[in-house]
Amino acid sequence: MITLFDKRWFQTLVFFILVFLLILLISATNFIFDPVFKYVGAVAIPFIGAGILYYLTKPLMDFFMRYKINRSFSILLVFVVLILVGFIIVMYIVPIAQRQFVNLVNNIPKMVNWAQDLITYWQDNQTLIPEEVDKAINNFTENLQTYIENVLEYLFGFIGQLISFIFAIFLVPFFLFFMLKDGDKLVPFVTKIFSKKKAANIRTLLGKIDTVLTSFIQGQLIVSFCVGLLLFIGYLIIDLDYSLTLAIFGMVMNVIPFIGPFLSVIPALIVGAFQDPMMIVWVALVMIIAQQIESNFISPNIMGRVLALHPLTVITVILAAGSIAGFIGILFAVPFYAIVKTIIVHFYDTYADSKKDKDDALI
């Protein structure tokens, strides 16, 4: 006689209830797990950094292995390439970007005064402005300095996070070495405790997650680099001040899907307006050309359509992650959501298959 406990849907329900209760128990006794969370938080940054480098260098590692080069020597070659790239960035790019950034920060008070004078002049020469609009403009003008200070505070907060990240980076080479050395042993280690059919199912799931991460990390970073390069060339052509700093900012912001390109153009438009009002048109033109090249030629060939995420979903996830975890949350929101979606879809498909064959179930 088949009981309720033999039903696949009931077993799945019990599994998720137990997981929920475990999470609830951990949250209720967080004082016990607080040291563990702090340790995980300290390890998370170098682990994630190493993971990003792992996926970026995996094609290079595969290239060396394809030519029958010893794995240890291949890892050494990968590290040599990374050191050379890092040396070029530190010696030739960082000093220029740092100098431009300092000059830009020093000129912010002048830009604020210029914006206030411009708004005041515009108000004095307009007679048909509704009273509500006039009040809103006055309020914006009076609080413009505060807005700028808030933006700078957020920016310097991000720089503080970046400095903490840089300190954690020193652990990245150790994590990366073992990922490159033993990364192919992870799947057999995870699946060895399961039956043959369940192990195959789990390998399929891990393969899907690997595809998602590869697509996002390799694709998004390569696309962002290309966009940053296009912006830098465009800014040089139109002779925009702080061209390298603004192009690097655009490259970093472009890592954020959909929202990033719009955020990246704001500082360039402000700097362009301060330099020459006509420069606004040229900056906008450079951004439009760069985005058209990216969306029509670069992204389709590099990223493809593996993630298959709706723009509205991405924007919602990014906004939610930003409110919870700040800039770091924004950066990792999309890949995290894509992984969760992949797992849920796979569990659903597995559950549907388990109705036909109980051995297909993951749980």
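Find the residue count for the stretch 158-190, including only residues that are over 30 Å from residue 350 (Cβ atoms), aromatic (Phe, Trp, Tyr) and at pLDDT 75 or above. Total satisfying the criteria: 5. Selection within the stretch 216-242: residues that are crowded, with 17+ Cβ neighbours inside 10 Å and of a type in the set (Phe, Trp, Tyr). The member of this set that is nearest to the chain's Cα centre (by Cα) is 216. Scanning the stretch 57-76 finds no residues that are modelled with pLDDT of 75 or more, of a type in the set (Gly, Ala, Ser) and more than 30 Å from residue 182 (Cβ to Cβ). The listed residues are 83, 96, and the only one of them that is under 19 Å from residue 251 (Cα atoms) and modelled with pLDDT of 85 or more turns out to be 96. All of 238, 217, 233, 202 fail the test of being in the same structural domain as residue 281 (by TED's automatic domain parsing) and within 14 Å of residue 55 (Cβ to Cβ), apart from 217.
For the condition assigned to a loop (DSSP other than H, G, I, E, B), of a type outside the set (Asp, Glu), modelled with pLDDT under 90 and more than 18 Å from the chain's Cα centre (by Cα), what is the one hit in 193, 202? Residue meeting the stated conditions: 193. The helices (runs of 4 or more DSSP H) found wholly in the stretch 278-363 and carrying at least 3 residues that are modelled with pLDDT of 80 or more and on the phi < 0 side of the Ramachandran plot occupy 279-293, 311-354. Do we have residue 245 as of a type outside the set (Lys, Arg), surrounded by fewer than 17 Cβ atoms within 10 Å (Cβ to Cβ), in contact (Cβ under 8 Å) with a residue 60 or more places away in the chain and in a helix (DSSP H, G or I) here? The answer is no for residue 245.
The values are calculated or read from the model by the stated rules, or taken from the named source; none is laboratory data. Just so it is clear, the structure is predicted and the values come from calculations on it, not from any experiment. Every residue, glycine as well, gets a Cβ built from its backbone with ideal geometry; the counts of neighbours run over all protein chains shown.
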